[in-house]
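Presented below is the structure to which this report refers.
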Amino acid sequence: MGAIQEQESLKADHERWRKQIAWQEAGQGLDPACEGEAFSDIDGQCISLMRSPPKPLQSENVLRQEAEKRIQQELDWLPLIDKQTVQFFGKWAQLRVLGMQEPFSVLFSILNLGVHIYALSYILPELVPNGYPLKPTYTRHAKISIVAWASSALFHTRDLWWTERLDYFMAAAVLLSGLFFTVCRLTYASPTMTFYQRWSIVCIVAWVLHVLYLLSHRRLNYSYNITACLTVGLLHNFLWFSAACTPRLVFGLARQFSANFAPSRAYSKATDDDHDIDRTKTFRSYTDLSGKQRKQLICLVLLMTLAPALEIFDFPPILRLVDAHALWHASTVPISLYWYIWLANDAQLCVLERGWKLDHHAIELKETNHGHASAHHTGLPPPGVSPAKTTSFSFPTMPATSSASTDEIIGQLRNGLHVYANMGMNALRRLRALLITQS
């Protein structure tokens, strides 16, 4: 019997019980005209006695959840020979593993969680200089990302109303956090600047309003949520792509804050007697990215833009285990790792070459120039800076100034991803064989 039929039957039992209570209060006896133990109501209809009160009526939300649960169970156990796969509330039917509704989405969410934990525990504290103004901002972004990916793993394990909302709200928080530090980095806005503080308030208020709007609906407004998140993500990618391909556009934006941006004189060719210095050229020397940085940034931005396309070109899950959403989560694992390394390398260049650093971490002219010269020849960090804080675009065992070391890192990561892909396919085959034998 379906949930609707059960609810109608339960309503009829409640009506019978109400009439029985009224009959008992009236003190009337059983109607001999009725068969068995029964009484007559005011309309003369025979109603059999109920020995106990009926179960309480279920609310509409409980009924909907029960119906969704039954339909989901039916979809989960559709035979593999079915030719047409259907979606239920936008979700594909997948085989459950250890009770997880979307096992590979959970797995890849945990891998993403590991990347951000690694960034928080090693990349940011060890590779980003302490004098970099946005180091606390990057750290907060990593913490928000950790909570977001933990929420994602929880949601894909069990789809409940609160796990869904937690996942959606934290995903929006990560996107706004990324947009926040992007604008701060491209405009050289440090935490002491008024613009930084006002921009942080704008992002926080935007996130709160986004959450309140979604909570104002009984069912999440999925179309609005996708539009809002996609807009923030594309704006984030557009700003970084502009910084790599059209630096003049970003240069014009950053120049609006040039009055608050005071690069260290250690890196400026100007002296007290150089009154005729080209300020535009000097400012641009601090804001432009190097050619190598631009190439890496363009690749990263393209990958960050193409990865969500898996959500657009959706397809039924492979072996009823891996769908497009899971592959999207898988693609963000290496992208996030490369992104943190690029940000760490950029932070070092901002401090050591562009002179953007906190005042109490300033480096003197002679020490810095001497340190850069010796670093290129010996691989040692500049004097006065901890070696652990100046490692560049690489892991700590490989010096940052060597282009061969960067190629070696890329090769190692490529080989690791290849092994990771083979292991995943083998695990899929074994899991499919195990599920088929048990069914």
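With respect to residue 60, determine if the residue is modelled with pLDDT under 70 and either exposed (fewer than 14 other Cβ atoms within 10 Å of the Cβ) or touching a strand residue (DSSP E or B) at 6+ places or on another chain (Cβ under 7 Å) (or both). No: the conditions fail for residue 60.
When 218, 248, 198 are screened for being in the same structural domain as residue 131 (by TED's automatic domain parsing), under 30 Å from residue 160 (Cα atoms), without any contact (Cβ under 8 Å) to a residue 12 or more places away in the chain and of a type in the set (Lys, Arg), only 218 passes.
Here's the yes/no breakdown for (1) in contact with a helix residue (DSSP H, G or I) (Cβ under 9 Å, 6 or more places away or on another chain); (2) surrounded by fewer than 20 Cβ atoms within 10 Å (Cβ to Cβ); (3) modelled with pLDDT under 95; (4) under 25 Å from residue 139 (Cα atoms):
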site	(1), (2), (3), (4)
162	no, yes, yes, no
174	yes, no, no, yes
188	yes, no, yes, yes
191	yes, yes, yes, yes
195	yes, yes, yes, yes
198	no, yes, yes, yes
204	yes, yes, no, yes
220	yes, yes, yes, no
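I'm trying to understand the selection: among the residues of the stretch 193-251, which are under 18 Å from the mean Cα position of the chain (by Cα) and not in a helix (DSSP H, G or I)? The one that is under 18 Å from the mean Cα position of the chain (by Cα) and not in a helix (DSSP H, G or I): 220. Determine whether residue 149 is surrounded by fewer than 18 Cβ atoms within 10 Å (Cβ to Cβ) and farther than 14 Å from residue 344 by Cβ. Answer is no for this residue. When 155, 104, 108, 180 are screened for being at pLDDT 95 or above and either crowded, with 22+ Cβ neighbours inside 10 Å or polar (S, T, N, Q) (or both), only 180 passes.
Of all residue pairs spaced 6 or more apart or on separate chains, those with beta-carbon atoms under 7 Å, a first member in the stretch 95-115 that is closer than 14 Å to residue 150 by Cα and of a type in the set (Phe, Trp, Tyr) and a second member that is assigned to a helix (DSSP H, G or I) and at pLDDT 85 or above are 108/330; 108/333. Tallying residues that are in a helix (DSSP H, G or I), in contact (Cβ under 8 Å) with a residue 40 or more places away in the chain and over 29 Å from residue 344 (Cβ atoms) within the stretch 155-184 yields 5.
Which residues, counting only those in the stretch 114-131, are within 22 Å of the chain's Cα centre (by Cα) and crowded, with 20+ Cβ neighbours inside 10 Å? Those that are within 22 Å of the chain's Cα centre (by Cα) and crowded, with 20+ Cβ neighbours inside 10 Å: 115, 116, 119, 123, 124. From the list 281, 295, 269, the one residue that fits, being among the basic types (Lys, Arg), surrounded by fewer than 14 Cβ atoms within 10 Å (Cβ to Cβ), under 24 Å from residue 185 (Cα atoms) and at pLDDT 85 or above, is 295.
The values are calculated or read from the model by the stated rules, or taken from the named source; none is laboratory data. Note that the structure is a prediction, hence the values are computed from the model and not measured. Note: ideal-geometry Cβ built from the backbone for every residue, glycine included; neighbour counts use all protein chains shown.
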